[in-house]
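Take a look at the structure set out below.
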Amino acid sequence: MEFAQWLDAAATSARDVGAGALGMSDGKWAGPSSERLPGNLCGIYIPLVTDGLALQLGVLATRDVCATLARRLIAGGDEGEPLESEADVFDAVGEVTNLIAGNVKVLLADRVQIRVGVPLALSGRVIPIGASQSIHGNLELGGSSLWLLITGSRTR
């Protein structure tokens, strides 16, 4: 599978999770982007490992959008419900990322066997090194801008 196919599967999954667990409609995906990622992103990376590929799926957004995702998951979007800490925000965004990765695993089950790893919270983005590749795109979800990123390399 090409990296663009992985990214499209992540976008489909994120739209499904957005419409379901987060109650956010109108997911708009334009496909991979050549636009530079904004410098003010934070979010979660989660390993997706297959025979032959070691990938990271990044679910990235501005801090405000991360807080919105967390509120949507924890409190059903209740804007009056403050989150206790930065750790609460990233725990919730980590769970959203787990949901997206799990759905990618289901979507691609007939083509590839995927092992999902432990999420990692980061500010910024992973910089590909060596033989690694990276591809990203922007998903507009319920009026929020979410960047999806696939980075990694072939292991054989």
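Among residues belonging to the range 1-20 that are within 23 Å of Ala54 (Cβ to Cβ) and aliphatic (A, V, I, L, M), point out the one that is modelled with the lowest pLDDT.
Within the range 1-20, the subset within 23 Å of Ala54 (Cβ to Cβ) is 1-14.
With aliphatic (A, V, I, L, M) added as a condition, the list becomes 1, 4, 7, 9-11, 14.
Working: Met1: 87, Ala4: 95, Leu7: 97, Ala9: 97, Ala10: 97, Ala11: 97, Ala14: 96.
By that ranking, first place goes to Met1.
Restricting to the range 49-71, give me the number of residues that are in contact with a helix residue (DSSP H, G or I) (Cβ under 7 Å, 6 or more places away or on another chain) and under 17 Å from Asp8 (Cα atoms).
Qualifying residue count, the range 49-71: 3.
When you scan the range 67-126, how many residues do you find that are part of a loop (DSSP other than H, G, I, E, B), modelled with pLDDT of 85 or more and of a type in the set (Lys, Arg)? Walk me through it before giving the result.
Residues of the range 67-126 that are part of a loop (DSSP other than H, G, I, E, B), as a first pass: 76-85, 108-114, 117-119, 124-126.
Narrowing further to those that are modelled with pLDDT of 85 or more: 108-114, 117-119.
Subsequent filtering for residues that are of a type in the set (Lys, Arg) retains 111.
The qualifying residues number 1.
The values are calculated or read from the model by the stated rules, or taken from the named source; none is laboratory data. These numbers were taken from a predicted model, which means no experiment stands behind them. So basically every Cβ, Gly included, is an ideal-geometry build from the backbone, and we count neighbours across all protein chains shown.
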